[in-house]
Amino acid sequence: MPQQYPHMAVEIGKLKLKNPVMTASGTFGYGEEYAEYVDLNKLGAIVVKGLSLKPRLGNPPPRIIETTGGMLNAVGLQNIGVEEFIEEKLPFLRPYDVPVIANIYGETYEEYRKVARHLNDAKGVQALEINISCPNVKKGGLSFGADAKNAAAVTRRVREETDLPVIVKLTPNVTDIAAIAVAVEKAGADALSLINTLAGMSVDVKTKSACLKNITGGLSGPAIKPVALRMVWQVLQRVSLPVIGIGGILTANDALEFLILGAKAVQVGTANFINPHATMDIIAGLRHYLKLNKIKDINNIIGSFQEGGSSC
């Protein structure tokens with residue numbers, strides 16, 4: 001069968017994607033929730049809701065509010081736990097021709113290790129994404145991702161437990177994100193995804209109290225895209241690992257900005273809440289851009305960034 005053009009496939013280490021558009025953990029459920037709106041087979045990859053060793057109830061409400069240009073969330077990694085995911089959710093995803101990436105979380109090094117061990121032999125999981133960057137939990141999460149030594153230690157322990165590709169999701173809530181990236185690269189990461197949400201808060205002027213029960217939450221959406229782009233660019237100067245760009249991607253043009261900088265793929269998050277069909281629109285938009293500009297392979301766009309000469 002002749003190769004179709006434009007060529008949309010990309011590779012993130014050993015992980016092969018039919019296109020560079022992935023879903024972001026925590027915004028796409030376990031995949032089944034969006035199957036009515038999205039052809040899952042057309043996605044580059046599905047990153048499922050973050051999984052912990054045991055089920056988590058998350059934080060009390062209110063835990064999601066709209067902000068100018070985005071949203072604040074303090075869901076707190078509510079999930080059904082890794083064992084129930086394997087038994088109850090993974091069977092639904094197996095028939096689809098799309099890589100499934102399990103996002104994992106722990107409060108201790110040992111919990112990260114155990115979750116990775118559970119998933120290593122789970123049929124239908126193609127990679128692990130280590131969440132060391134959630135700002136909405138009291139233990140784990142950001143406490144690992146904000147320190148280079150801790151981030152490397154988590155990465156090393158997960159690497160020891162799995163043969164699957166290991167993607168580390170980085171937090172923007174640090175002074176030098178590139179230093180964290182270098183540390184996890186040395187510890188055995190296969191790829192990086194960035195950025196997770198920016199820590200923020202909102203105040204109700206009527207009640208003079210925080211809008212979120214947790215007080216602080218993670219800011220996502222279009223407002224954070226310039227920050228995400230800057231951090232992706234900084235990390236790409238320091239590591240040789242494939243990078244997946246995340247942050248405020250609503251349209252194909254948004255995705256192109258990350259790809260031009262050098263990101264191998266992108267994850268679509270908050271856009272899924274606004275438009276459940278967002279991932280499909282972005283894939284179609286990327287294909288249209290390539291055709292319009294007579295570019296046969298999307299890999300010719302990746303890393304084509306040039307300093308100066310802007311028409312912005």
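Can you tell me, using C-alpha contacts under 8 Å and at least 6 residues apart, the relative contact order of the stretch 51-180 as a whole percent?
Working: 226 pairs, mean separation 28.8, N = 130.
Relative CO of the stretch 51-180 lands at 22 percent.
The stretch 174-204 and the stretch 1-74 have Cα centres separated by 18 Å. In the structure shown, the pairs LYS16/LYS42; LYS49/LYS264; LYS16/LYS264; LYS16/LYS89 are assessed against 19 Å; a Cα-Cα span above that value is assigned to LYS49/LYS264; LYS16/LYS89.
Suppose a student asked you for the relative contact order of the stretch 10-300, using Cα pairs under 8 Å spaced at least 6 residues apart; what percent would you report? Present the calculation step by step, with values, prior to reporting the outcome.
Details: 683 pairs, mean separation 56.8, N = 291.
Rounded, it is 20 percent for the stretch 10-300.
Listed by chain and number, the aspartates and glutamates whose alpha-carbon sits under 13 Å from that of LYS18, ignoring those within fewer than 8 places in the same chain, are ASP97, ASP297. Taking trypsin sites (Lys or Arg not before Pro) in DSSP loop conformation with at most 13 other Cβ atoms inside 10 Å as exposed sites, the chain has its longest uninterrupted site-free stretch at 15-122. Among THR279, THR207, the order by Cβ neighbours within 10 angstrom, fewest to most, reads THR207, THR279. For LYS291, the aspartates and glutamates whose Cα comes closer than 16 Å to its Cα, not counting residues fewer than 8 places off in the same chain, are ASP281.
No value in this document is a laboratory result; all are computed from the given coordinates. Here the structure is a predicted model, which means the values were calculated and not measured. Quick reminder, even Gly has a Cβ in these numbers, built from the backbone with ideal geometry, and neighbours come from all protein chains shown.
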